[in-house]
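Report on the structure given below.
The values are calculated or read from the model by the stated rules, or taken from the named source; none is laboratory data. Being a predicted model, the structure only gives us computed values, none of them experimental. Here Cβ is always computed from backbone atoms with ideal geometry, including for glycine, and neighbour counts include all displayed protein chains.
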Amino acid sequence: MLNEVYDTFKEDSEKSLEALKKSLDKLRTGRANSAMLNGIRVDYYGTSTPITQMANIAVPEPRLLVIKPWDKTTIKLIEKAILASDLGINPNNNGEQILLAVPALTEERRKELVKKARKSSEIIKISLRSHRHDALDMLKELEDEKEITEDDHKQGKAKIQDLINKYSKRVDSIISDKEKEIMTV
């Protein structure tokens, strides 16, 4: 019974960490990264389609993304979607492919991105606390139904707290790494 509670908590927490990593991948760090385009969707024949499903994306240089659509008629659509996004990069279309030159970030923009990353980490920490609350409720329910003893309940609470501390440290580590990446000139 207790292992089910722990496994559920771990599974939910891992999903939260994955969500954090995905949201941080979308932050522009001054280097070209194909993950920057993950959230951009193109209206392709009435269907909202991710760019990654319409084109090859390459990073030939640290500050350059090359988008080569499989269907050349979609170049204008992809270009329009990039302009409409919050990416802040102007695409260059040469008829065959789209070039995205990633400009160097200013100090002010770097600080804004760090704030955004920290905000994402706080949201994930709130999510972790919510998972902890759910796990503690499950433990209480098991105790009320006499499926575990009071001592098991106390040990379970301690184990859940240890796990939440471990996951919080992982969040801090991920954010610290991202901050270093953003602030590196």
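Overview of values
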{"read-out": "Matching residues in region 104-121 - criterion: being in a loop (DSSP other than H, G, I, E, B) and over 15 Å from Ala32 (Cβ atoms)", "value": "Thr106"}
{"read-out": "Close pairs from region 111-123: first on the phi < 0 side of the Ramachandran plot and basic (Lys, Arg), partner surrounded by 13 or more Cβ atoms within 10 Å (Cβ to Cβ) and modelled with pLDDT under 90, Cβ under 7 Å, at least 6 apart", "value": "Lys116/Leu27"}
{"read-out": "Enumeration of residues in region 89-113 that are among the β-branched types (Val, Ile, Thr) and crowded, with 16+ Cβ neighbours inside 10 Å", "value": "Ile89, Ile98, Val102"}
{"read-out": "Qualifying residue in region 18-32 (condition: under 23 Å from the mean Cα position of the chain (by Cα) and hydroxyl-bearing (Ser, Thr, Tyr))", "value": "yes"}
{"read-out": "Counted residues, region 54-103 - those being part of a loop (DSSP other than H, G, I, E, B), of a type in the set (Gly, Ala, Ser) and within 22 Å of the chain's Cα centre (by Cα)", "value": "2"}
{"read-out": "Filtered residue count, region 121-174, keeping only those that are in contact with a Lys or Arg (Cβ under 8 Å, 6 or more places away or on another chain) and hydroxyl-bearing (Ser, Thr, Tyr)", "value": "1"}
{"read-out": "Hits in region 83-96 - residues which are in contact with a helix residue (DSSP H, G or I) (Cβ under 8 Å, 6 or more places away or on another chain) and touching a residue at least 12 places away in the same chain (Cβ under 8 Å)", "value": "Leu87, Ile89, Pro91, Asn93, Gly95, Glu96"}
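Per-residue answers, yes or no, for (1) in the same structural domain as Val114 (by TED's automatic domain parsing); (2) over 24 Å from Ser121 (Cα atoms); (3) assigned to a helix (DSSP H, G or I); (4) in contact with a Gly (Cβ under 9 Å, 6 or more places away or on another chain):
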site	(1), (2), (3), (4)
Leu139	yes, yes, yes, yes
Ile148	yes, yes, no, yes
Lys154	yes, yes, yes, no
Ala158	yes, no, yes, no
Asp162	yes, no, yes, no
Lys166	yes, no, yes, no
Lys169	yes, no, yes, no
Asp172	yes, no, yes, no
Asp177	yes, no, yes, no
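Yes or no, residue by residue, for (1) surrounded by fewer than 19 Cβ atoms within 10 Å (Cβ to Cβ); (2) free of Cβ contacts under 8 Å to residues at least 40 places away in the same chain:
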position	(1), (2)
Asn3	yes, yes
Glu14	yes, yes
Leu20	no, no
Val42	no, yes
Pro60	yes, yes
Thr73	yes, yes
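Each row is one residue, and each column tells you yes or no for (1) touching a His at 6+ places or on another chain (Cβ under 9 Å); (2) at pLDDT 90 or above; (3) part of a helix (DSSP H, G or I).
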site: Phe9; (1), (2), (3): yes, yes, yes
site: Asp12; (1), (2), (3): yes, yes, yes
site: Glu18; (1), (2), (3): no, yes, yes
site: Thr29; (1), (2), (3): no, no, no
site: Ala32; (1), (2), (3): no, no, no
site: Ala35; (1), (2), (3): no, no, yes
site: Gly39; (1), (2), (3): no, no, no
site: Val42; (1), (2), (3): no, no, no
site: Thr49; (1), (2), (3): no, no, no
